[in-house]
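Engineer: Okay, here's the structure, questions in a sec.
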Amino acid sequence: IGVRLVGSEMCIRDTGIAVGIEPRGSIIDTATTRISNLGKGDIGIIIETLAHIECDKIKNIAILQRQEDGKWVEVSRYIYDAKKEDFPTEDLSGMTNEFTVKNQKTGYYYRVVGVHYVESNGKGQSFMTKTDGIKITEYGD
């Protein structure tokens, strides 16, 4: 889905994919989370943070949640860090992490909460995104 939304917090759903896109301010340009039903209890997750400027540090945290008895419960947490000092010859102005979480319980709704954090020139900024919940099925979408 190639979509860029403007507003406080917007989510879209399209064929089993839920996307949370959050446009931001002084350092963070756009923060995005996506979840998709891959079938057989496998869940596709993408978390992305894009900055207006080069950063000293970017951290993406993707929190997978499952709805149980009407409440969202944390299933697992995935933390990704990048530091400019580790990539001195590359432009660190964004980070995208895409991965699959395997063998989750089918028949439940899942969502991803994204925590996006950047540091540049001694200043930090963080934002949160959240997808809609999607039903994870045996056969995928």
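Engineer: Using a basic spin-label model with each label point 7 Å from the Cα along Cα→Cβ, how many nm lie between residue 76 and residue 40?
Structural biologist: Those two pseudo-labels are separated by 1.5 nm.
Engineer: Out of the trypsin sites (Lys or Arg not before Pro) in region 90-120, which ones are loop residues according to DSSP with at most 13 other C-beta atoms within 10 Å? Let's see the in-between values first.
Structural biologist: Details: sites: 102, 105, 111; in loops: 102, 105.
Sparse-neighbourhood loop trypsin sites (Lys or Arg not before Pro): 102, 105.
Engineer: Next question. Beyond 18 Å between alpha-carbons counts as too far, so tell me which of 40/71; 71/102; 105/130; 40/105 fall in that bin.
Structural biologist: Checking Cα-Cα distances, 40/71; 71/102; 105/130 exceed 18 Å.
Engineer: Also, I was wondering about something else. Need the list of lysines near residue 57 for cross-linking: C-alpha distance under 16 angstrom, and skip anything on the same chain fewer than eight residues off.
Structural biologist: 83, 84, 123
Engineer: OK, next. What spacing in nm lies between the two simple spin-label points modelled at residue 84 and residue 67, each 7 Å away from Cα in the Cβ direction?
Structural biologist: In this crude spin-label approximation the distance works out to 4.2 nm.
Engineer: Can you pull out the GluC sites (Glu not before Pro) in region 75-118 whose DSSP state is coil and whose Cβ has at most 16 other Cβ atoms within 10 Å?
Structural biologist: Hits after loop and neighbour filter: 90.
Engineer: Taking every Cα atom in region 78-141, find the radius of gyration and the maximum pairwise distance Dmax, and write them in Å.
Structural biologist: When restricted to Cα atoms, region 78-141 yields Rg and Dmax of 16.3, 47 Å.
Bear in mind that the values in this text are calculations on the coordinates, not laboratory data. All figures in this text were calculated on a predicted structure; none of them were measured in a lab. Neighbour counts run over all protein chains shown; Cβ positions are idealised from the backbone, glycine included.
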